[in-house]
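Okay, so here's the structure we're looking at.
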Amino acid sequence: MAAFHDFNFKLLVVEKLMYGDGTLTPPFSLRAHMRERGIEDLDAYVAENDLEYTVLDEARAHFAELEIPADLLATVEELTFDGGHQVFMECAPVWDGEDDLFDVRRLDDLALLPNLKLFTGGSALEHMVPGALETLSARGIEARY
């Protein structure tokens, strides 16, 4: 199984495969997971525990341990960075998108996606990882802004 170096980059891949394509199953629901633990009101739980601007431990553990087979990674031809991704809401259910919680920090994991052709959100990526557009171009990956 592929080992990711950047948790947030992995989340972009999970967004594409799990919540976009529906090929990485079953889809993870933090609310359902927390209900199983006896927490009915997730928003109240987050507020009461001062967790508004963090990835909840339960979600981090799930996505960090989630294995994505190489053959599934090979199906990824396009990635998008967008603050409204479902995977971000599964990690931080009341996140408002106004901080760097889900910023990609490095691009080593591009090597795990041999067929990636397009990255949408290139200007945001360049802001997160200076030189990202040059890195994408060198790999033959188009960047849309």
Residue count, segment 49-76 (criterion: under 29 Å from HIS127 (Cα atoms), surrounded by fewer than 13 Cβ atoms within 10 Å (Cβ to Cβ) and of a type outside the set (A, V, I, L, M)): 4
Scan of segment 11-38 for residues that are open to solvent by 30 Å² or more (accessible area, probe 1.4 Å) and assigned to a loop (DSSP other than H, G, I, E, B), ordered by number: GLY22, THR23, THR25, PRO26, PRO27, SER29, ARG37, GLY38
Restrict the check to segment 130-143 and report whether at least one residue is under 14 Å from ASN8 (Cβ atoms) and either open to solvent by 20 Å² or more (accessible area, probe 1.4 Å) or touching a Pro at 6+ places or on another chain (Cβ under 6 Å) (or both). no
From GLU48, GLU90, grab the single residue that is at pLDDT 95 or above, among the acidic types (Asp, Glu) and within 25 Å of VAL129 (Cα to Cα). GLU90
Name the residues in segment 39-48 that are assigned to a helix (DSSP H, G or I) and either loosely packed, with under 12 Cβ neighbours inside 10 Å or free of Cβ contacts under 8 Å to residues at least 12 places away in the same chain (or both), would you? ASP43, ALA44, TYR45, GLU48
From the list LEU79, LEU136, LEU51, exactly one residue is over 13 Å from the mean Cα position of the chain (by Cα) and either under 16 Å from MET18 (Cβ atoms) or not in a loop (DSSP other than H, G, I, E, B) (or both). Which is it? LEU136
Taking segment 99-114, which residues are assigned to a helix (DSSP H, G or I) and open to solvent by 10 Å² or more (accessible area, probe 1.4 Å)? ASP108, ALA111, LEU112
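The values are calculated or read from the model by the stated rules, or taken from the named source; none is laboratory data. Everything quoted here is computed from the prediction, not taken from an experiment. Neighbour counts are summed over all protein chains in view; Cβ atoms, including those assigned to glycine, are modelled from backbone coordinates with ideal geometry. We work out accessible area using only protein heavy atoms, side chains counted, and drop any ligands, DNA or RNA first. Shrake-Rupley method; radii C 1.70, N 1.55, O 1.52, S 1.80 Å.
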